[in-house]
Structure formats: C-alpha cells, structure tokens
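Accompanying notes for the structure given below.
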There are 2 protein chains.
Amino acid sequence: MSFSYFADSIDRLIDRLKKLPGIGEKTATRLAFYMLNSSRKEAEELAKSIIDVKEKVSCCSVCFNFSDSDPCKICGNERRDDKTICVVEDPADFLAIEKTGKYKGRYHVLQGVLSPLDGISPQEIRVKELIERLRSGKVKEVIIATNPSVEGEATAIYLAKLIKPMEIEVTRIAYGIPVGGDIEYTDVDTLSRAMEGRREL
Amino acid sequence: MSFSYFADSIDRLIDRLKKLPGIGEKTATRLAFYMLNSSRKEAEELAKSIIDVKEKVSCCSVCFNFSDSDPCKICGNERRDDKTICVVEDPADFLAIEKTGKYKGRYHVLQGVLSPLDGISPQEIRVKELIERLRSGKVKEVIIATNPSVEGEATAIYLAKLIKPMEIEVTRIAYGIPVGGDIEYTDVDTLSRAMEGRREL
C-alpha cells in the first residue's frame with residue numbers, strides 16, 4: 001500500500017498477512033479488522049503461538065516430519081508397526097493419511113518431490129535417509145504415497161527402482177474414483193486407472 | 001483437535017488460526033505449515049505486527065474510525081472538506097470509499113447498524129456523537145453510505161429523520177447496476193432501483 005489510509009501499524013499488518021498463501025488484499029484487510037476488534041488476549045495468544053512453533057518445532061531426525069521432540073511421536077511410539085514405511089512428500093500429506101486412522105506403520109517425509117525442471121534431484125530430498133532406514137532390514141513394505149502428479153509419479157518410479165533390489169516390497173496407493181464421486185464427471189485418466197485397478201467383489 | 005498428530009505447538013497454532021473469520025481447518029493447517037517453513041524473521045514480524053495493532057491502534061474520538069493518532073489522519077487533515085460528512089457502518093466501508101479517491105469530505109463511523117432483532121438500538125452505535133458533530137453548524141450535507149441491507153436502509157431512514165430538522169441536506173448513495181455488471185443477470189430489486197434512479201444523459 002503506497003498511501004496509508006488508517007494507521008501505519010494496520011497497513012503493516014495487512015501487508016504481512018498478504019504474504020501468507022491464498023490470502024489477498026481483501027482477506028488480509030478482513031483479518032486485520034478482526035484482530036483489531038478481538039480481545040487483546042486473543043491477539044497475544046495468536047502472536048505467541050506463531051513464535052512458539054518457530055521456537056519449539058523442528059524436524060524428526062528419523063522420519064523428517066515436523067516435531068517438537070526427536071524422535072517424533074510416531075517414530076518414538078513402540079506400538080507402531082516397524083515393518084511398513086509410508087513415504088509422503090510433506091507433513092500435510094502425512095497429516096491427511098494419519099487422520100484416516102487406518103495406517104499403523106511408520107512414515108518417511110521426503111520434504112519435496114523429484115522435479116528436474118525445478119532443479120530438484122534426489123540429493124535435494126530425503127531419499128538417502130530413506131535408503132539408510134531400510135538398511136536395518138526390519139522393513140518389509142514401503143508404501144509410496146506421493147501425489148498423483150507427474151513429479152509424484154516420477155518420484156514413485158525412481159524410489160521403486162532403488163528399493164526393489166533390497167528385496168523389500170514397494171507399493172503405490174491406489175488410483176481410482178473418489179468415494180462419493182460421480183463416474184459421469186470423472187476425468188478419463190482417473191477412470192482408466194480405476195478400470196485397470198478393478199478388484200474382485 | 002482431540003489428538004495431537006505433530007507437536008502440541010503446531011496444533012495450538014492451527015486452533016488459533018481457525019478462530020479467524022473465513023479460516024477453516026484446512027486453511028489453518030496450510031497457514032501453519034507455511035509459517036513453519038518460513039524464516040524465523042518473517043514469523044516474528046507477523047507476530048509483532050499483530051501485537052503492534054493492539055498496542056497502537058485505538059479509535060478516533062471525532063469520527064470513531066480506527067486510528068493510531070487522535071484525531072485521526074482524516075479528521076486532522078485541514079484540506080478535507082468540512083461541509084460534508086459521509087456516514088459508514090464500519091472501518092472496512094470507510095476504506096472502500098476512501099480508496100475511490102473521489103471523496104474529499106469527512107467521515108463518521110457508526111461502528112454498527114440499527115438492528116432491533118440483535119438488540120442494537122441507536123444508543124449502541126455512534127448516533128449521538130454524529131448529531132453532536134452536526135451541531136457545530138459547519139456541515140451542509142450528510143451522505144449516508146450504510147449497506148443496502150434491511151438494517152442499513154433502516155439506519156439511513158432513522159438518521160435522515162433525525163438530521164433533516166437541523167436543516168442539513170441528507171443524501172443516500174445511489175442504488176443501481178454495478179459497473180461491468182450485466183442487466184440480464186441483475187436482480188429485480190436492483191434493476192427497479194436503477195430505473196427509478198435514472199438520470200438525464
């Protein structure tokens with residue numbers, strides 16, 4: 001904002017909120033007004049939690065997920081199944097899978113995905129560390145849960161080539177029609193994959 | 001969140017972001033991850049600006065807009081036209097009008113709108129203070145720019161009844177088709193108002 005309409009501190013807050021992903025000028029203004037109208041306690045709590053995550057949270061040295069302890073809650077939990085590792089691109093994908101409540105194994109967060117165009121080679125993501133973990137011999141299956149994008153697919157194929165010679169089973173999460181979806185409106189690629197991946201009832 | 005998937009501090013940040021208007025679980029999670037990945041400096045600046053607005057910004061004692069000075073920039077600006085006051089519901093409406101750059105008069109922020117159903121009577125909003133300002137005799141026109149809602153309309157009519165006996169002109173911003181809008185898709189009420197409010201070319 002070149003000209004300040006209210007107080008400089010409001011403009012500064014709006015400018016900083018605008019830097020957040022998916023937040024434009026209007027949303028930033030609305031959020032800033034909300035904070036101005038909220039109690040001082042509420043605003044302080046929000047500010048404090050922002051500082052807190054930066055101070056307390058780092059990265060688990062085993063699975064490379066966000067954590068405030070090392071190893072993280074999941075790597076340190078003895079009741080999780082040591083024989084399976086689910087490989088995801090980032091913590092958000094971990095969260096989505098963990099929320100299903102169906103998976104009881106371990107995770108490995110790649111912290112990215114192979115993308116030659118963006119200059120992201122296996123050295124840039126946590127591939128070496130994954131292979132190192134597999135050397136223990138405990139793991140029997142690696143489930144590759146990278147995104148169904150070109151990069152996610154390439155990463156899955158790359159990892160499969162690397163891991164299969166270690167005599168560990170490598171699987172890919174299933175492609176298909178989403179639950180509650182509509183076959184009529186499903187895109188051709190997804191539908192072909194759903195047909196290919198059909199299972200006996 | 002009943003169960004903590006990552007660190008408690010991440011869950012706490014997500015919980016607090018979720019309290020902001022228009023921010024649900026998914027957006028809050030995305031914002032928290034963004035903050036985790038951003039530099040410490042960036043996170044601290046955001047936290048500081050939140051605290052800053054609460055510390056520095058209060059309310060102009062003349063127009064009741066948000067301000068870090070009293071009177072605010074507009075009430076204290078001698079080049080603004082003293083003969084016109086534009087009445088708005090809240091600071092966001094002030095901002096929208098000020099951004100047009102067309103209005104050079106003063107403002108009065110009601111800090112709400114009459115709404116008998118929500119128990120908001122003239123005592124709850126800055127009506128008394130507006131009438132007080134008009135007593136100076138300098139003001140020749142009051143432009144009522146409350147929203148085109150039932151409450152905004154009722155407030156406009158209420159204010160007009162109160163102000164007209166003071167021999168001050170009371171005007172209402174125009175209703176009509178929005179610029180770039182499509183007559184075919186304009187609702188009946190707006191179109192009727194646009195016809196009524198037609199002007200000679």
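Bear in mind these aren't lab numbers, they're just calculated from the coordinates by the rules spelled out. Since we're looking at a predicted model, the values are computed, not measured. Neighbour counts run over all protein chains shown; Cβ positions are idealised from the backbone, glycine included.
Between copies, the label points at B:D182 (set 7 angstrom from Cα along Cα-to-Cβ) are spaced 2.1 nm, reported in nanometres from shortest to longest. Over 29 Å, how big is the tail of the calculated P(r) for the protein assembly as shown, in percent of all Cα pairs? Tail fraction, whole percent: 61.
The value of relative contact order for chain A, using C-alpha pairs under 8 Å at least six residues apart, is 13 percent.
With the charge dipole of chain B set up from +1 on Lys and Arg Cβ and -1 on Asp and Glu Cβ about the Cα centre, the Cα lying farthest toward the positive end among the listed residues B:S136, B:P122, B:T146 is that of B:S136.
Per residue of B:82-93, other chain Cβ atoms within 10 Å of the residue Cβ number 1 on average. Computed over segment B:66-200, the convex hull of the alpha-carbon atoms projects to a mean area of 10.1 nm². Projecting the Cα positions of A:V188, A:S61, A:F94 onto the charge dipole of the protein assembly as shown (unit charges on Cβ atoms of Lys, Arg, Asp and Glu, taken about the Cα centre) puts A:S61 furthest along the positive direction. Within straight cross-link reach of A:K54, meaning Cα distance under 21 Å, which lysines are found once same-chain residues fewer than 8 apart are removed? Once the sequence-local lysines are set aside, what remains near A:K54 is A:K18, A:K19, A:K41, A:K73, B:K18, B:K19, B:K26, B:K41, B:K48.
Closest approach of a chain B Cβ to the axis relating B and A (residue, whole Å): B:A47, 2.
A simple count of charges around A:K83, restricted to other residues whose Cβ falls under 14 Å of its Cβ and scoring Lys, Arg +1 and Asp, Glu -1, yields +1.
Using only C-alpha positions, report the orientation-averaged shadow area of the convex hull of segment A:80-138, nm², one decimal. Don't jump to the answer; show the numbers that get you there.
Numbers: hull surface 17.4 nm².
The number I arrive at for segment A:80-138 is 4.3 nm².
Put the Cα centre of segment B:53-125 next to the Cα centre of segment B:127-201 and the gap is 16 Å. For A:S69, the point set 7 Å out from Cα toward Cβ sits 5.3 nm from its twins in the other copies, listed from shortest up.
Can you give the average number of partner chain beta-carbon atoms within 10 Å of each beta-carbon in peptide B:18-30, as a whole number? Don't jump to the answer; show the numbers that get you there.
On the way: counts 0, 5, 9, 5, 5, 5, 0, 0, 2, 5, 0, 4, 4.
Whole-number average of other-chain Cβ neighbours for B:18-30 is 3.
Highest GNM mean-square fluctuation among A:T190, A:T155, A:T171, for chain A modelled with Cα contacts below 10 Å: A:T190. Spin-label pair B:E141-B:K99: with each label point 7 Å from Cα along the Cα-Cβ axis, the two points sit 2.4 nm from one another.
Could you check which residue among B:L117, B:L20, B:L95 shows the biggest mean-square fluctuation in a GNM of chain B with a 10 Å Cα cutoff? Fluctuation is largest for B:L20.
Each Lys and Arg contributes +1 and each Asp and Glu -1, all at the Cβ; summed about the Cα centre of segment A:8-56, the dipole is approximately 120 debye.
As an exercise, identify the GluC sites (Glu not before Pro) in segment B:58-121 lying in DSSP coil whose Cβ has no more than 16 other Cβ atoms within 10 Å. Those that pass, being in a loop and sparsely packed, are B:E78.
Need the full-extension length gain, A:L201 to A:L117, defined as separation in residues times 0.36 nm minus the C-alpha distance. One decimal, nm.
Going from the current span to full extension adds 26.0 nm.
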